[in-house]
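The block underneath contains the structure these notes are about, expressed in structure tokens.
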Protein chains: 2
Amino acid sequence: MTSHRIHPFDDALALTPGAPDHFSGRTTPGYWNMVGPYGGITAATLLQAVLRHPLLLGEPLSLTVNFAAAVGEGPFTLQATPVRTNRSTQHWLVMAEQVDASGAQVVTTTATVVTAARRETWSAADTPMPAVPVPAQCQPVRLAFRSEWLHRYEMRPVTGALPTQWDDSGHTSLTQLWLRDAPARQLDFPALASMCDVFFPRVWLRRARRVPAGTVSITVYFHAGSALLAQTGSGYLLGQARAQEFRNGFFDQSAQLWNEAGQLLATSHQIVYYKE
Amino acid sequence: MTSHRIHPFDDALALTPGAPDHFSGRTTPGYWNMVGPYGGITAATLLQAVLRHPLLLGEPLSLTVNFAAAVGEGPFTLQATPVRTNRSTQHWLVMAEQVDASGAQVVTTTATVVTAARRETWSAADTPMPAVPVPAQCQPVRLAFRSEWLHRYEMRPVTGALPTQWDDSGHTSLTQLWLRDAPARQLDFPALASMCDVFFPRVWLRRARRVPAGTVSITVYFHAGSALLAQTGSGYLLGQARAQEFRNGFFDQSAQLWNEAGQLLATSHQIVYYKE
């Protein structure tokens with residue numbers, strides 16, 4: 001029998017239950033970005049508080065996470081409250097707080113989550129996966145930054161990779177890439193939520209210029225249930241992201257994630273701050 | 001001097017301040033849907049609580065509204081809390097409550113709002129308005145239902161109007177329509193938010209079958225500031241909506257709203273319950 005080290009994703013999502021509705025966690029170096037944790041891991045952690053809650057009904061349907069402030073290195077507390085439970089849907093509020101430098105308890109992140117008991121109905125997949133080369137035919141990305149979290153994903157760009165020349169020559173905001181956890185890991189809802197935030201800021205690609213940028217709010221709609229996630233396993237997902245509008249300091253991003261079989265697992269949207 | 005009656009939209013959004021962070025309001029017949037108010041007016045009302053708050057900073061950037069339960073006819077209370085105020089963004093939680101039949105105070109709706117002080121930056125409009133006939137060339141919709149709120153919008157479909165034959169013959173979920181308030185009214189943020197929810201359920205169009213359906217969660221990203229809204233005035237907006245995926249009881253909808261000059265004012269997404 002071999003011993004297994006905990007996967008960095010599970011390590012980051014480790015929460016300790018406290019008072020009713022409360023959990024405590026802490027940031028981990030594995031998903032560190034430049035001035036705080038990678039946004040996707042924060043989103044996944046807030047979702048995890050709901051999934052760990054004893055009153056949970058159903059599976060994640062929608063998740064909105066608002067990044068109110070940078071999360072600092074160290075401990076944080078989560079409060080996940082089921083504010084309304086219906087027959088087949090449940091509505092949650094989640095708040096993340098940290099003690100700031102002055103010793104005050106402050107809100108760093110807020111979220112709303114809807115969970116639902118889903119059942120088989122008429123269904124239609126109206127967003128076919130784009131025709132792209134298979135993962136093995138796409139080269140793994142060469143990391144241009146030292147942010148630790150980038151090592152937690154294997155990314156194989158199809159189109160719209162990070163520019164290599166920052167010369168204001170950009171003209172599109174479209175990225176398509178294959179991705180999966182590194183090391184590989186069975187897909188679950190928090191991992192899928194985290195992957196929705198994996199795309200570098202669209203404004204960098206659109207302008208071929210690096211400017212300060214950060215997600216303000218992200219929403220994820222889960223189209224897959226747990227059976228489809230299990231079936232997807234640790235395979236690659238194709239992620240696609242583009243912006244619709246850049247105006248006066250904020251742009252939006254729409255994203256889709258399919259599994260290798262071409263099934264749409266999640267759609268996601270975010271609004272992102274940028275400078276200049 | 002003539003006297004002016006209050007516009008039904010302003011009537012619906014009338015709030016009375018109470019304790020700090022609290023407002024009281026009531027449903028109005030003008031925006032009544034089948035079993036509660038039109039979802040767009042509920043979204044607009046929750047946003048209005050933020051806009052009326054004495055601590056408000058900046059203008060709306062993003063809004064997510066979760067419809068936890070049908071709002072009943074009568075009074076409701078709103079609590080709008082600025083949970084985090086930064087230099088140029090502010091994060092809000094909004095909760096709507098009503099007294100239910102058993103006399104208990106229950107949550108009907110939750111929302112998160114981000115407001116922001118915007119400034120001029122490099123900008124790019126990457127989603128051109130589709131080439132469509134001007135409003136005067138499009139026939140006003142003939143109302144097939146008696147929901148009162150439908151009379152509050154002048155809608156002139158370009159494509160994807162409500163099916164006239166419910167014969168399971170649908171094959172697309174795309175609607176494009178010109179719309180404005182009826183009677184006409186100067187555009188503002190709550191009105192724009194409300195208009196993002198104006199599209200009938202995509203599943204009706206996609207299937208050409210009417211099944212029970214209702215929005216679970218909607219997100220609006222505001223790309224326009226108040227100056228652009230003022231410039232748009234009471235003109236028509238072109239609304240476009242389509243679904244990406246219908247699966248196991250829920251579908252998503254992505255929408256865009258442009259003014260007649262072709263400027264993208266808002267993008268919006270929602271996840272919608274459907275039966276069968």
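The values are calculated or read from the model by the stated rules, or taken from the named source; none is laboratory data. All values reported here derive from a predicted model rather than from experimental measurement. Neighbour counts run over all protein chains shown; Cβ positions are idealised from the backbone, glycine included.
Within the range B:121-138, track down each residue that is surrounded by 10 or more Cβ atoms within 10 Å (Cβ to Cβ) and not aliphatic (A, V, I, L, M).
Scanning the range B:121-138 gives B:Thr121, B:Trp122, B:Ser123, B:Asp126, B:Thr127, B:Pro130, B:Pro133, B:Pro135, B:Gln137, B:Cys138.
Among the residues of the range A:170-184, are any under 25 Å from B:Ser62 (Cα atoms), part of a strand (DSSP E or B) and either hydroxyl-bearing (Ser, Thr, Tyr) or in contact with a Leu (Cβ under 6 Å, 6 or more places away or on another chain) (or both)?
The answer is yes, given that some residue of the range A:170-184 is under 25 Å from B:Ser62 (Cα atoms), part of a strand (DSSP E or B) and either hydroxyl-bearing (Ser, Thr, Tyr) or in contact with a Leu (Cβ under 6 Å, 6 or more places away or on another chain) (or both).
Every residue in the range A:130-169 that is acidic (Asp, Glu) and assigned to a strand (DSSP E or B), please.
A:Glu154
Residue by residue through the range A:119-132, note down the ones that are more than 26 Å from B:Leu63 (Cβ to Cβ), within 7 Å of chain B (Cβ to nearest Cβ) and not aliphatic (A, V, I, L, M).
A:Arg119, A:Glu120, A:Thr121, A:Trp122, A:Ser123
Quickly run through the range B:113-129 and pick out the residues that are in contact with a strand residue (DSSP E or B) (Cβ under 7 Å, 6 or more places away or on another chain), assigned to a loop (DSSP other than H, G, I, E, B) and not polar (S, T, N, Q).
Passing the criteria: B:Arg118, B:Asp126, B:Met129.
Can you name the residue in the range B:188-211 that is touching an Asp or Glu at 6+ places or on another chain (Cβ under 8 Å) and in a loop (DSSP other than H, G, I, E, B) and, of all such residues, is surrounded by the fewest Cβ atoms within 10 Å (Cβ to Cβ)?
B:Val211
Take A:Arg206 and decide whether it is among the basic types (Lys, Arg) and more than 27 Å from A:Ser123 (Cβ to Cβ).
Yes, satisfied.
Which residue is surrounded by the most Cβ atoms within 10 Å (Cβ to Cβ), if the candidates are limited to the range B:139-148 and must be out of contact with any helix residue (DSSP H, G or I) (no Cβ under 7 Å at 6 or more places or on another chain) and within 27 Å of B:Ala68 (Cβ to Cβ)?
So the residue we want is B:Ser147.
For residues that are of a type in the set (D, E, K, R) and crowded, with 16+ Cβ neighbours inside 10 Å, scanning just the range B:78-107, find the one that is nearest to the other protein chains (Cβ to nearest Cβ).
B:Arg84
For the range A:61-91, give me the residue count where each residue is more than 21 Å from A:Ile271 (Cα to Cα) and not charged (D, E, K, R). I'd like the intermediate steps shown before the answer.
At the first step, the residues of the range A:61-91 found to be more than 21 Å from A:Ile271 (Cα to Cα) are A:72-91.
Checking the rest, the ones that are also not charged (D, E, K, R) come to A:72, A:74-83, A:85-86, A:88-91.
Adding up the residues that qualify gives 17.
Failed condition for B:Pro54, given (1) farther than 20 Å from B:Arg152 by Cα; (2) within 14 Å of chain A (Cβ to nearest Cβ); (3) not acidic (Asp, Glu), with all others met?
Every condition holds for B:Pro54 apart from (2).
If you scan the range A:149-172, which residues turn out to be in contact with a strand residue (DSSP E or B) (Cβ under 6 Å, 6 or more places away or on another chain), crowded, with 19+ Cβ neighbours inside 10 Å and among the charged types (D, E, K, R)?
Result: A:Arg156, single match.
Do we find a residue being within 14 Å of chain A (Cβ to nearest Cβ) and hydrophobic (A, V, I, L, M, F, W, C) anywhere in the range B:178-191? Reasoning before the result, please.
Filtering the range B:178-191 down to residues within 14 Å of chain A (Cβ to nearest Cβ) leaves none.
The answer is no; no qualifying residue exists.
Restricting to the range A:215-236, name every residue that is over 12 Å from A:Gln270 (Cβ atoms) and buried (at least 24 other Cβ atoms within 10 Å of the Cβ).
Across the range A:215-236, the qualifying residues are A:Tyr221, A:Phe222, A:His223, A:Ala224.
Restricting to the range A:194-220, name every residue that is under 16 Å from the mean Cα position of the chain (by Cα) and not aliphatic (A, V, I, L, M).
A:Ser194, A:Cys196, A:Asp197, A:Phe199, A:Phe200, A:Pro201, A:Arg202, A:Gly214, A:Thr215, A:Ser217, A:Thr219
For the range A:236-274: of the residues being more than 7 Å from chain B (Cβ to nearest Cβ) and assigned to a loop (DSSP other than H, G, I, E, B), which is farthest from B:Ala124 (Cα to Cα)?
Among them, the one singled out is A:Ala261.
I'd like to verify a number: residues in the range A:78-94 that are out of contact with any Pro (no Cβ under 9 Å at 6 or more places or on another chain) and closer than 15 Å to A:Arg52 by Cα, how many?
6
Tell me which residues, restricted to the range B:132-142, are of a type in the set (Val, Ile, Thr) and within 21 Å of the chain's Cα centre (by Cα). Break it down stepwise before answering.
Restricting attention to the range B:132-142, the residues satisfying the condition of being of a type in the set (Val, Ile, Thr) are B:132, B:134, B:141.
Correct list: B:Val141 only.
Please verify whether A:Ala49 is more than 8 Å from chain B (Cβ to nearest Cβ), at negative phi and modelled with pLDDT under 95, treating the condition exactly as stated.
no
Quick check on my filter: what residues within the range A:197-232 are closer than 30 Å to A:Arg119 by Cα, charged (D, E, K, R) and facing chain B (nearest Cβ under 9 Å)?
Within the range A:197-232, none qualify.
Kindly indicate which of B:Gly25, B:Gly36, B:Gly30, B:Gly40 is surrounded by fewer than 18 Cβ atoms within 10 Å (Cβ to Cβ) and small (Gly, Ala, Ser).
One residue alone meets the criteria, B:Gly30.
Looking at the range B:143-151, is at least one residue among the polar types (S, T, N, Q), under 24 Å from the mean Cα position of the chain (by Cα) and within 14 Å of chain A (Cβ to nearest Cβ)?
Within the range B:143-151, not a single residue is among the polar types (S, T, N, Q), under 24 Å from the mean Cα position of the chain (by Cα) and within 14 Å of chain A (Cβ to nearest Cβ).
Can you find a residue in the range A:59-66 that is acidic (Asp, Glu), surrounded by 16 or more Cβ atoms within 10 Å (Cβ to Cβ) and at pLDDT 95 or above?
Checked against the condition, which is being acidic (Asp, Glu), surrounded by 16 or more Cβ atoms within 10 Å (Cβ to Cβ) and at pLDDT 95 or above, the range A:59-66 yields at least one hit.
Of everything in the range B:237-276, what is at pLDDT 95 or above and at positive phi? Give them in sequence order.
Of everything in the range B:237-276, those that are at pLDDT 95 or above and at positive phi turn out to be B:Asn248, B:Gly249, B:Gly262.
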